[in-house]
1. For the stretch B:54-70, which positions are out of contact with any helix residue (DSSP H, G or I) (no Cβ under 9 Å at 6 or more places or on another chain) and either surrounded by fewer than 16 Cβ atoms within 10 Å (Cβ to Cβ) or of a type in the set (Asp, Glu) (or both)?
2. Go through the stretch A:108-147 and report how many residues are outside any loop (DSSP other than H, G, I, E, B) and under 21 Å from residue A:27 (Cα atoms).
3. Taking the stretch A:159-168 as the search range and keeping residues that are surrounded by 23 or more Cβ atoms within 10 Å (Cβ to Cβ) and at the interface with chain B (Cβ under 7 Å from one of its Cβ atoms), which one is nearest to residue B:123 (Cα to Cα)?
4. Working only within the stretch A:493-532, note down all residues that are modelled with pLDDT of 95 or more and within 30 Å of residue A:172 (Cα to Cα).
5. Take residue A:106 and decide whether it is closer than 26 Å to residue A:457 by Cβ and among the charged types (D, E, K, R).
6. What is the number of the single condition among (1) crowded, with 23+ Cβ neighbours inside 10 Å; (2) within 14 Å of chain B (Cβ to nearest Cβ) that residue A:179 does not meet?
Amino acid sequence: MYRYDELDQAFVDQRVAEFADQTRRFLAGELSEDEFRGLRLRNGLYIQRHAPMLRIAIPYGLLSTRQLRKLGEIAERFDRGYGHFTTRQNLQLNWPRLEQVPEILRELATVQMHSIQTSGNCVRNVTADHLAGIAPDELDDPRPYCEIVRQWATLNPEFTYLPRKFKIAITGSPADRAASEVHDIGLHMRRDAEGAIGFQVLVGGGLGRTPIIGRVIREFLPLPDLLSYLEAILRVYNRHGRRDNIHKARIKILVRSLGVERFREQVEAEWLASRASATRLSPAEVDRVRAHFTPPAYESLPNQDVSAGREPQFQAWYRYNTREHRVPGYRAVFISLKAHGHNPGDMTSAQMASVAALADRLSFGAVRVTHNQNLLLGDVRQSDLYALWGELRTLGLAMPNIGTLTDMIACPGLDFCSLANAGTLGVARQIQAQFNDLDYLYDLGDIEIKMSGCMNGCGHHHVGHIGILGVDKHGEEWYQITLGGSVNGFTALGEVIGPSVPQAEVAPTIERLVEVYRARREDGERFVDTLRRIGLQPFKERAYAIHSAAA
Amino acid sequence: MRSILRRRELVADDWRYLSEVHDERGASGTVRGAALIIPLVELRADREFWLARPGPLGVRLSPVDNVEELEPDLPRLALVAAEFPGPGDGRGFSQGRILRTRLGFEGELRAVGAGVKQDLIFLMARCGFDSFELAPGQTLESALKAYTRYTVAYQPGAPLSSIMMQRH
């Protein structure tokens, strides 16, 4: 993984000093609330319902065990002993004290971490496939390019005060496990006829209030032009994106109002005009960064069936929580942060320390954060899986539910976030309780539930097979349900099935929806396949069959 | 008289805005020949007059203006001012960058407006701005700090070369 050199370290240390000075000036009354807001947001610090919330960047979801241990220590020392992993592959602390944030940042800097640009109207954490570098279906590892883009975007003098936040995802695999088509910019790695690396460029995807799927504006962008082309896109956006209405300020609205063709023409014209003076990515820099992502020292091992003859619980865990690896003899292992009775994505300091120890022993000292709010050990020997399972079980991290209905995404909702309308975490518990039978979950198969507590859509509800959106009705929490959204190589936005339902009816309604699937599915069909084949109507009819009072 | 931060020094501003001068178009008057900043709309309205006037000429852009419009007149302009109206409006950064990199403007590039504060000056400088009309309440001391806060940056832009350049 990427290691800072003295220049990277000097930069982060100087950023910490700058933010410490800004915090000091705010606390001394030299900066108003208003002045401080824009500054703290660009450093990941929100003022939330109960306390500040600090969002720590985990670039493209990759952590060393040293970093994970430090996160655990920080959560223990400055917070309440846990953190929350997000759909942006970041970590949120919910209870830090404002005056301690500079100290937290100093601690983070000792392990080459920071919270730069994890919020505010600027380029956010660049995200990637959690199976980057190990997926059998991958063209090339996207992470070196994520790192290059991260550096380019970090305190970029021209693009730190954009009309609105800006999210970039890069994927090297057709399965698109990075949800790249719902990002402001999605980059899909491609090779040209000579085998040279480049990118298909999508622009204008996004969720939130106005969900839109990104559109291709360039089929192949050669690698040396990566930064100059990003600059052209960002420049067109910075100059022409709307600043008069926060709900219309994302690049997707600009692309939609100009039309993708005119937008593309403007970007290409800007690119051609500026290219000569823009940064061209040199082979030396690409090689330098790529050298940080060379594969670990895999042993030469055969593939083996390690689940045969083992107890059914292990077999279930193996089937649901591990994935094929491109190197024989290895598997990728999900660490489920979706144990029933717990908040999705939450992890305690003790668990972080224990997982770090496991990763040191069994997975080359690296841990990945997935955008589904789980962790992943990327490189585990198949022969170690049984022992690993045992250890994860004692840590409460072996819930064998990855890819099932209870592996749901949920934002922190009303319990923490000042934007939320609804207590998503309570609903998550309700769903976990309703679907607590593993055999039933396995029978239902691959169903993605994604839940957001408000229109901003941090929980990606638009692209859930079942999407749940909290809405406020005269001070009460109600929930709007959508069906048929998806990401992972086929991006679609869900459709609202009808009137929203009260809080207590969310899990029962989902139960009725999956009953339709069970009754109508054909062999091997997933929930979303049956839905696409038979259409929304049978689901709509059944959803409200019992609860007719919904308004 | 207004003071401005120019090349890291607080100096008396030797430029005047058109709104501060009333007899520019008159036949006489002391300001004829003085350094004058006019809004882009004025330049547009009577380009020949302004370009032919004696004395240094500057143009002030608002955030919505297309900086490319100045291209043919840049050889005549000794100053361009771009406005940062308040926190969050970053269009001036792109205007500055385009002037310096693509259009090759070498005159004074001035940041003006309520957004010209110490925490943004470093970004402005790296987009090519070399003079600043500090917002009310900003001190020279605090503004100067902005220049020395960072010794490294990931992107090219005065006064630093990019980290990438330093590496290779």
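The values are calculated or read from the model by the stated rules, or taken from the named source; none is laboratory data. The model shown is predicted, which means the values in this text are computed figures rather than measured ones. Glycine gets a Cβ as well: all are built from the backbone with ideal geometry, and neighbour counts include every protein chain shown.
1. Keep residues of the stretch B:54-70 that are out of contact with any helix residue (DSSP H, G or I) (no Cβ under 9 Å at 6 or more places or on another chain), which gives B:54-56, B:58.
B:54, B:55, listed by residue number.
2. We begin by selecting, within the stretch A:108-147, every residue outside any loop (DSSP other than H, G, I, E, B); these are A:108-109, A:123, A:127-128, A:143-147.
From what's left, under 21 Å from residue A:27 (Cα atoms): none.
The number of residues fulfilling the criteria is 0.
3. A:161
4. Of everything in the stretch A:493-532, those that are modelled with pLDDT of 95 or more and within 30 Å of residue A:172 (Cα to Cα) turn out to be A:493, A:494, A:495, A:525, A:526, A:527, A:528, A:529, A:530, A:531, A:532.
5. On the way: closer than 26 Å to residue A:457 by Cβ: no; among the charged types (D, E, K, R): yes.
For residue A:106, the condition - closer than 26 Å to residue A:457 by Cβ and among the charged types (D, E, K, R) - is not met.
6. Only one criterion in (1) crowded, with 23+ Cβ neighbours inside 10 Å; (2) within 14 Å of chain B (Cβ to nearest Cβ) is unmet by residue A:179, namely (2).
Matching residues to (1) exposed (fewer than 14 other Cβ atoms within 10 Å of the Cβ); (2) in a helix (DSSP H, G or I); (3) at the interface with chain A (Cβ under 9 Å from one of its Cβ atoms):
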| residue | (1), (2), (3) |
| --- | --- |
| B:121 | no, yes, no |
| B:125 | no, yes, yes |
| B:136 | yes, no, no |
| B:141 | yes, yes, no |
| B:144 | no, yes, no |
| B:148 | yes, yes, no |
| B:164 | no, yes, yes |
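Conditions (1) under 22 Å from residue A:88 (Cα atoms); (2) among the charged types (D, E, K, R); (3) part of a strand (DSSP E or B), marked per residue:
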{"position": "A:159", "(1), (2), (3)": "yes, no, no"}
{"position": "A:174", "(1), (2), (3)": "yes, no, no"}
{"position": "A:189", "(1), (2), (3)": "yes, no, yes"}
{"position": "A:193", "(1), (2), (3)": "no, no, no"}
{"position": "A:201", "(1), (2), (3)": "yes, no, yes"}
{"position": "A:210", "(1), (2), (3)": "yes, no, no"}
{"position": "A:220", "(1), (2), (3)": "no, no, yes"}
{"position": "A:235", "(1), (2), (3)": "no, yes, no"}
